[in-house]
1. From the square roots a ≥ b ≥ c of the eigenvalues of the alpha-carbon gyration tensor of the stretch 153-202, which class results: rounded (a/c under 1.5), prolate (a/b over b/c), or oblate?
2. Sorted by accessible area (1.4 Å probe), largest first, how do Ile264, Ile209 line up?
3. Using only alpha-carbon positions, what ratio does the radius of gyration of the stretch 173-326 give when scaled by 2.2 N^0.38 Å?
4. Within the chain, what is the longest stretch that has no GluC sites (Glu not before Pro) placed in a DSSP loop and near at most 14 other beta-carbon atoms within 10 Å?
5. Shape of the chain from its Cα gyration tensor (a ≥ b ≥ c, root eigenvalues): rounded if a/c is under 1.5, otherwise prolate when a/b > b/c, or oblate?
6. To the nearest 0.05, how large is the calculated FRET efficiency for Val3 and Gln133 if R₀ is 35 Å and r is the Cβ-Cβ distance?
7. Which residues make up the longest stretch of the chain clear of chymotrypsin sites (Phe, Trp or Tyr not before Pro) that lie in a DSSP loop with no more than 14 other Cβ atoms within 10 Å, not counting the sites?
8. Return the distance in nm (one decimal) between the two label points of a simple spin-label model at Val155 and Val67, each offset 7 Å from Cα along Cα→Cβ.
Amino acid sequence: YKVGGFILFKHNISNADQATELLNSLKSLNKKNPIPLFLSIDEEGGRVSRLPNTFPKLPPAKKIGKVNDESISLQYGKIIGKRIKSLGFNINFAPVLDIDSNPNNPVIGDRAFGSDKNTVIDHSLKVMEGINQEGIISVVKHFPGHGDTNLDSHVDLPVIEKDLTQLEELELTPFIEAIREGVDGIMVAHILFPKLDEEFPSTLSEKIISQLLRKRLGYEGLIFSDDMTMGAIMKNYSIEDAASRFLKAGGDILLICHGYENHIKVFEQIKEEVKKGNLSEGEIDEKLYRIIGIKNRYKLEDKILEGIDLELLNSETQQFLDKIDQ
């Protein structure tokens, strides 16, 4: 099925050696392919961490925002980058650029750097920079902003009744700054913004992906969907239909995080859409060149790793934790 990348979750990782071995085995299986794999993880720190317990726990983004020291935020990003790089990952779905503007939000909360836009901009972009400095591709999330929802999109489809002007004053500001800073990847959220597109949630919306993110904000990097097997999508669409819509709307990479049969259905559907002329080979090529471009820019390779110096990594982390707890 021409697999181009993987995402691992907590249940895929039992310890550092096992994780390295698993990633090494995937790289070995891909060695005949001239294009290396994306090996990805959601490693934000705080409660969204997939790493084994042999790594000391990092505080959530909210605490980093409260410390309010850009050098600390940069170091936090570097520690996250070093940890996942040591196991063999090359892409991280972090940091969160959402602004925690709704106290009833069930899913963002302390995953955000703060509840005002300047705190989020200042610290999320330093974390992104730190991750990048370790040679890891940072994918920021959840465009156009998940901070003002009162539903969890893992479970159902949230609705935000804001217009473009309101979004440009708050939710979009961290993304606009990240684009200025040359962000490599942006993940789109499963949220309905009726004032921007009354029919489709952002992941499936040409108005939000192509017109707003690409054209209005001038973003040229990679666009990822959030996991297409989340409740917000699966309760309202078939996975095949949703996947096709995301690609037609201008997205580049579909995240399908659960269910082998879902991958197969989507793969076959994309071929079908091309045959029918609903999705052109030219559009797919454009997405592919963006993907290959970033894999080349980061000089990704399917290199087999030999163990990690866990002690050194953990002592660096401990020094960092001591510093922010003073």
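1. It is oblate, given that a/c is not under 1.5 and a/b is not larger than b/c.
2. Solvent-accessible surface, decreasing: Ile264, Ile209.
3. 1.27
4. Result, exposed sites excluded: 1-160.
5. Note, shape of the chain comes out oblate.
6. Efficiency, rounded to the nearest 0.05: 0.80.
7. In the chain, the maximal stretch lacking such sites is 10-326.
8. Each label point is offset 7 Å from its Cα along the Cβ direction, giving 3.2 nm.
The values are calculated or read from the model by the stated rules, or taken from the named source; none is laboratory data. Quick caveat, the model's predicted, so the values are computed rather than measured. In this analysis, Cβ positions are derived from the backbone assuming ideal geometry, glycine residues included, and neighbour counts consider all displayed protein chains. Heads up: the accessible areas ignore ligands, DNA and RNA and are worked out on the full protein's heavy atoms, side chains in. Shrake-Rupley method; radii C 1.70, N 1.55, O 1.52, S 1.80 Å.
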